[in-house]
Amino acid sequence: MRYSQAFIPTLKETPAEAEVVSHRLMLRAGYIRKLTAGVYSYLPLGLAALRKVEQIVREEMNRAGAQELLMPMVQPADLWRETGRYEKYGPELLRFRDRHDRESCLGPTHEEVITDLVRGEVRSYRQLPLNLYQIQSKFRDEIRPRFGLMRGREFIMKDAYSFDKDDEGASIAYQKMYAAYQRIFTRCGLQFRAVEADSGSIGGNFSHEFMVLAKTGEDTLAVCQDCDYAANVEKAAINARAAEQDDPLLPLEKVETPGKRKVEAVCDFLGISADKLVKTLIYMVTGVSESEGDVSSQGYAVAVLVRGDREVQEVKLKNLLGATAVELADDKLVFELTGVPTGYLGPIGLSMKVLADFEIAALRNFVVGAGEKNYHLQNVNMDRDFAVDALADLRQIAEGDPCPRCGGRLGQIEGIEVGHIFKLGTVYSSAMQAVFQDHEGNERPLIMGCYGIGVSRIVAAAIEQNHDENGIIFPAAIAPVQVIILNLGLKDAAITTVAESLFVQLQEQGLTVLLDDRDERPGAKFKDADLLGIPLRVTVGARLSKDGVVEIRHRRDGQTVELPPDQVGSYLSAQIAAAINLPA
Ligand code: ATP
Ligand code: MG
């Protein structure tokens with residue numbers, strides 16, 4: 001590729017809309033352009049990086065025995081109704097009607113389509129196991145598309161689905177994918193960690209997420225400092241009920257707390273610490289409720305009690321209720337439902353279901369809102385003063401909590417989810433009658449697994465982990481171009497001859513090369529080479545005429561070497577080979 005003819009529209013100014021570094025740099029380096037919220041065009045260099053990632057994913061999936069296919073993006077609503085997900089999936093599923101008034105949706109994931117395909121073709125255990133995957137655009141109407149490719153509405157995913165005849169086979173399929181994912185993210189040059197995960201709206205009972213460690217990650221991971229336990233905080237369990245305190249129960253007391261609504265203000269005012277106060281939060285719940293057994297699209301309200309120094313973990317709440325979604329009620333709604341301004345709510349006399357975190361049962365003589373403006377209650381005790389409908393693990397694990405596995409100390413780090421693997425069991429095959437005949441001729445539902453990778457998100461995550469103040473520093477394996485040659489003497493015949501012949505020779509060696517043959521100042525060329533993040537830069541300029549050498553500079557550490565042109569090819573090939581992570 002010649003820079004003078006290439007479509008690489010770099011920007012001098014930092015685009016105002018970009019909040020995170022990968023988004024900023026991908027716009028500035030001319031890798032992507034936004035069409036509309038969460039929808040991007042991949043320009044030639046952006047596409048080249050994406051293709052590198054796809055290729056690694058493809059090679060490792062094939063190596064693990066999976067087979068590539070390609071399924072449609074437009075999907076009929078009736079198929080989704082078979083699993084109940086047409087209603088349950090929520091507003092992320094983009095639903096529409098075609099000219100014949102048939103309801104359809106854009107695929108956010110493909111369990112229904114693949115299960116339909118396989119139930120039509122697989123009859124016998126002899127056709128199993130099977131693992132099928134695709135690399136394709138997905139559409140999810142995300143509530144908050146942001147951070148460029150990190151959370152798009154249209155994005156590229158690799159999704160794979162395994163089908164087995166028994167649990168043992170399904171476990172082997174899962175392990176194979178786990179190992180393939182380790183290889184994929186290692187080859188992409190990422191620092192990552194596999195963590196235990198919640199299985200979300202896809203369902204099923206066992207899953208891991210692969211997290212790229214980066215401060216801009218939207219996920220928080222609980223990581224044990226003493227054993228190898230690591231889990232998404234959505235999942236990280238707080239097993240034990242806290243030990244009960246044995247202080248004597250004191251008489252209930254109403255106190256005036258004028259204008260004190262926030263936990264901190266109430267605690268300061270009453271001279272207590274936040275772990276002596278219990279927050280009452282109202283959530284609106286939508287979807288199927290296990291106890292009520294109905295689909296309530298309107299939603300119903302529940303109250304959740306956690307200690308003042310804790311946060312409700314909404315995924316745990318959602319799972320406990322078997323709900324599609326839970327959302328914290330705003331001040332207005334809280335007032336409509338309870339007649340109490342937020343900040344003064346308490347569990348006593350509330351006319352809705354009350355759920356309490358385990359810790360509440362252990363507390364003695366705590367403070368809650370009085371259910372009346374400007375008042376709180378002191379010396380409140382569960383059971384004596386109010387009843388709860390359920391006690392459960394409802395809070396988010398906190399720094400310093402004990403590890404659920406070894407009792408050691410937990411820390412927290414941020415991560416970007418780049419991959420997710422699930423054991424699905426027979427959730428989909430049972431709902432869709434995807435069955436096979438076993439050895440004895442009995443019909444049984446297929447046992448499934450599903451395995452996603454955010455291919456476009458990987459490119460962004462790699463940049464979050466690999467950049468400096470001058471631009472991107474691509475890991476060699478996924479760099480759109482491996483070498484950039486700067487011709488700093490366009491009018492100098494000797495310099496141009498060497499630059500041009502290196503350009504030809506390096507490509508013949510199998511390297512991908514960008515020749516900067518633009519009529520630009522050297523400073524501008526150096527700046528752009530850094531911004532684009534190309535791992536190796538070859539500068540052909542004054543040093544050639546003077547000493548017969550060109551300069552090679554490594555983007556990552558700025559290290560330089562000078563070599564005569566005839567040694568450049570073998571040096572670069574060796575460097576690229578060494579920089580590409582190939583697991584054994
Ligand atoms: P998230 O919690 O980030 O929304 P998810 O749990 O909804 O992710 P999955 O359904 O497991 O994601 O999808 C598989 C993979 O697709 C994810 O691991 C992630 O890498 C990628 N992915 C999901 N949503 C997006 C998105 N909006 N933009 C880019 N990549 C995404
Ligand atoms: Mg999601």
Result of the Cβ filter at 6 Å on region 485-498, keeping first residues that are not assigned by TED's automatic domain parsing to the domain that holds Asp566 and partners that are of a type in the set (Asp, Glu), at least 6 apart or interchain, is none
Taking Arg187 as the residue in question, decide whether it is closer than 24 Å to Leu94 by Cβ, more than 9 Å from ligand 1 (Cβ to nearest atom), open to solvent by 10 Å² or more (accessible area, probe 1.4 Å) and in the same structural domain as Glu59 (by TED's automatic domain parsing). no
Of the residues that make up region 1-17, is at least one part of a loop (DSSP other than H, G, I, E, B), among the polar types (S, T, N, Q) and modelled with pLDDT of 95 or more? yes
Going by the conditions given, is Met150 touching a helix residue (DSSP H, G or I) at 6+ places or on another chain (Cβ under 7 Å), aliphatic (A, V, I, L, M) and either open to solvent by less than 10 Å² (accessible area, probe 1.4 Å) or within 10 Å of ligand 1 (Cβ to nearest atom) (or both)? yes
Single residue of region 105-145 satisfying the filter (in contact (Cβ under 8 Å) with a residue 40 or more places away in the chain, surrounded by fewer than 16 Cβ atoms within 10 Å (Cβ to Cβ) and not basic (Lys, Arg)) that is nearest to ligand 2 (Cβ to nearest atom): Ile143
Out of the residues in region 519-552 that are assigned to a helix (DSSP H, G or I) and farther than 27 Å from Leu25 by Cβ, which is least open to solvent (accessible area, probe 1.4 Å)? Leu544
Where Ile156 falls short, out of the listed (1) within 16 Å of ligand 2 (Cβ to nearest atom); (2) outside the structural domain of Leu69 (by TED's automatic domain parsing): (2)
With the requirement that a residue be within 30 Å of Glu500 (Cβ to Cβ) and assigned to a helix (DSSP H, G or I), what does region 27-52 give you? Arg28, Pro44, Leu45, Gly46, Leu47, Ala48, Ala49, Leu50, Arg51, Lys52
Does any residue of region 413-422 turn out to be in contact (Cβ under 8 Å) with a residue 12 or more places away in the chain and farther than 30 Å from Lys158 by Cβ? no
Return the residues of region 414-445 that are in a strand (DSSP E or B), more than 16 Å from ligand 1 (Cβ to nearest atom) and open to solvent by 50 Å² or more (accessible area, probe 1.4 Å); say none if nothing qualifies. Gln437, Glu443, Arg444
Kindly evaluate Gly400 against the criterion of being without any contact (Cβ under 8 Å) to a residue 24 or more places away in the chain and surrounded by fewer than 21 Cβ atoms within 10 Å (Cβ to Cβ). yes
Among the residues in region 131-142, are any farther than 23 Å from Leu582 by Cα, hydrophobic (A, V, I, L, M, F, W, C) and part of a helix (DSSP H, G or I)? no
Taking Arg58 as meeting all but one of (1) closer than 25 Å to Val483 by Cα; (2) open to solvent by 50 Å² or more (accessible area, probe 1.4 Å); (3) part of a loop (DSSP other than H, G, I, E, B), write down the number of the exception. (3)
Given (1) of a type in the set (S, T, N, Q); (2) more than 16 Å from ligand 1 (Cβ to nearest atom); (3) buried (at least 19 other Cβ atoms within 10 Å of the Cβ), Ser171 misses just (3)
Residue under question is Arg102, and the condition is that it be loosely packed, with under 14 Cβ neighbours inside 10 Å, more than 30 Å from Lys527 (Cβ to Cβ) and without any contact (Cβ under 8 Å) to a residue 24 or more places away in the chain; does it hold? no
Could you please let me know if Met71 is under 29 Å from Gly449 (Cβ atoms) and at pLDDT 95 or above? yes
What is the one condition in (1) in contact with a strand residue (DSSP E or B) (Cβ under 8 Å, 6 or more places away or on another chain); (2) closer than 18 Å to Gln245 by Cβ; (3) of a type outside the set (Val, Ile, Thr); (4) open to solvent by less than 40 Å² (accessible area, probe 1.4 Å) that Gly343 does not satisfy? (2)
Can you tell me which of (1) under 17 Å from Glu92 (Cβ atoms); (2) within 9 Å of ligand 1 (Cβ to nearest atom) is the one Lys158 doesn't meet? (1)
Can Val295 be described as assigned by TED's automatic domain parsing to the domain that holds Leu317, modelled with pLDDT of 95 or more and away from ligand 1 (no atom under 16 Å from the Cβ)? no
Take the conditions in contact with a helix residue (DSSP H, G or I) (Cβ under 6 Å, 6 or more places away or on another chain) and either hydroxyl-bearing (Ser, Thr, Tyr) or modelled with pLDDT under 95 (or both) and apply them to Ser501. Does it pass? no
Selection status of Arg63, under 23 Å from Gln433 (Cβ atoms), touching a residue at least 24 places away in the same chain (Cβ under 8 Å), more than 16 Å from ligand 1 (Cβ to nearest atom) and of a type in the set (Lys, Arg): no
Just checking, how many residues over region 346-381 are open to solvent by 30 Å² or more (accessible area, probe 1.4 Å) and either among the β-branched types (Val, Ile, Thr) or assigned to a strand (DSSP E or B) (or both)? 4
Region 76-99 - residue that is in contact with a helix residue (DSSP H, G or I) (Cβ under 6 Å, 6 or more places away or on another chain) and within 16 Å of ligand 1 (Cβ to nearest atom) and, of those, least open to solvent (accessible area, probe 1.4 Å): Trp80
Looking at Phe163, Phe155 in this structure, which one is open to solvent by 20 Å² or more (accessible area, probe 1.4 Å) and assigned to a strand (DSSP E or B)? Phe155
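The values are calculated or read from the model by the stated rules, or taken from the named source; none is laboratory data. Model, not experiment: these values are computed from the prediction. Virtual Cβ from ideal backbone geometry, glycine too; neighbours counted across all protein chains shown. Remember, those area values only see protein heavy atoms, side chains included, never the ligands or the DNA or RNA. Shrake-Rupley method; radii C 1.70, N 1.55, O 1.52, S 1.80 Å.
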